[in-house]
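Remarks on the structure that follows.
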């Protein structure tokens, strides 16, 4: 018995040592992969999946989705009408610890997003932006809403989703909307009968949705805006708006192919602002995002919960209603857990030397992290009106784990950007 106990301890030590010194592999995001694509058509429509009781965005059973009483969404109404919202990633989504405000600018109600896109916002990698798609559960309010670059209309187009933003670059974005056939959100012809589908906070003084935007006092500008999604959906959204067919394939099986992929290291170029590490949690069958914080241990990516934000304070100079929120009114909420992490290799170009101009059509490499495994594949999108289809190593459309998905748009052609894993 003593010899057996010693043998077991030695085995445990060997396994632990192997885990500690697991090989870190760097993804080659640029070299073409020899994968023959079996071109996919459209999957069953959202309505067909909902009729089967399945979410078209997460593959979850709608009857099992817990939804707060003040929320709406597919799990409540049985209707599919996704919202895409531009969300701040200031200080990597945990707030400003130097001012004692950890999680102060973390995404408000962000844990309810079905799909999250992360894209670099500055050429030096010093800022990224989260684009969150809410569908299964649409919260009463979300934040903190930030501005748009050319990247984001191109993402939104494949969903034809409703879109909330806090502004945009005049040099790029209005032309993007026009090129994609979407009503220019800067148009002065908006009215209650024709509100469109793009809602802009800081340009909303004379728009029909202005009362559904809140600016919070006590938070620095650019990270202080909330949108009341539920009220927008129920009172402003055109009744005849039809989102695109964007359903994915899902499976209940944990991947068996591929190599070990339990930890992912994402490098955009700024340790404390954009770089992150995602670690697989077997109990959750998902990846938890961690970020480095000065004078702290690495912190998990969590949403910000607001206390006392329901009290109306006063109107601002722009006519938007402000509410008092102080640093102590923030408490960390739920941790955001992603059941699928997709690293989509793209070509990132730049306008004026600094503004993102990504190529999101054509083909490129894609790497999938699911169930603690890494699978190499490719993606394809023929034009901006088509959905991006992700293909596995066998050339067939990849089957995702049921749950939330993080899509990281990685411009490997930029120096200093890479993804590695172990």
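Just so you know, all these numbers are worked out from the coordinates, no wet-lab data involved. Source: prediction; values computed, not measured. All Cβ positions, glycine included, derive from the backbone under ideal geometry; neighbour counts span all protein chains shown.
Tally the DSSP beta bridges in the chain and give the antiparallel ones as a percent, rounded to 5. Walk me through the numbers on the way to the answer.
On the way: 73 of 100 bridges.
Among the beta bridges of the chain, antiparallel pairing accounts for roughly 75 percent.
Could you tell me whether segment 40-177 comes out rounded, prolate or oblate from its Cα gyration tensor? Rule is a ≥ b ≥ c as square roots of the eigenvalues, rounded for a/c under 1.5, then prolate if a/b exceeds b/c, otherwise oblate.
oblate
Do the sum for the chain: with -39,500 (n - 2.57) for every DSSP H run of n ≥ 4, divided by all residues, what is the mean residue ellipticity at 222 nm, to the nearest 500 deg cm²/dmol?
-3500 deg cm²/dmol
What order do you get for 411-422, 237-248 when each peptide is scored by the mean count of other beta carbon atoms within 10 Å, highest first?
411-422, 237-248
Listed highest first by mean packing, meaning other Cβ atoms within 10 Å per residue, what order do 365-372, 381-388 come in? Could the numbers behind the result be given before it?
Details: 365-372: 24.4, 381-388: 15.6.
In descending order of packing, they fall as 365-372, 381-388.
Could you give the angle, 0 to 90 degrees to the nearest 10, between helix 2-20's Cα long axis and the longest principal axis of the Cα atoms of the chain?
Once rounded, the angle reads 40 degrees.
In what sequence do 406, 400 fall when counting other Cβ within 10 Å, fewest first? Before the final figure, lay out each step's value.
On the way: 406 27, 400 20.
By the 10 Å Cβ count, ascending, the order reads 400, 406.
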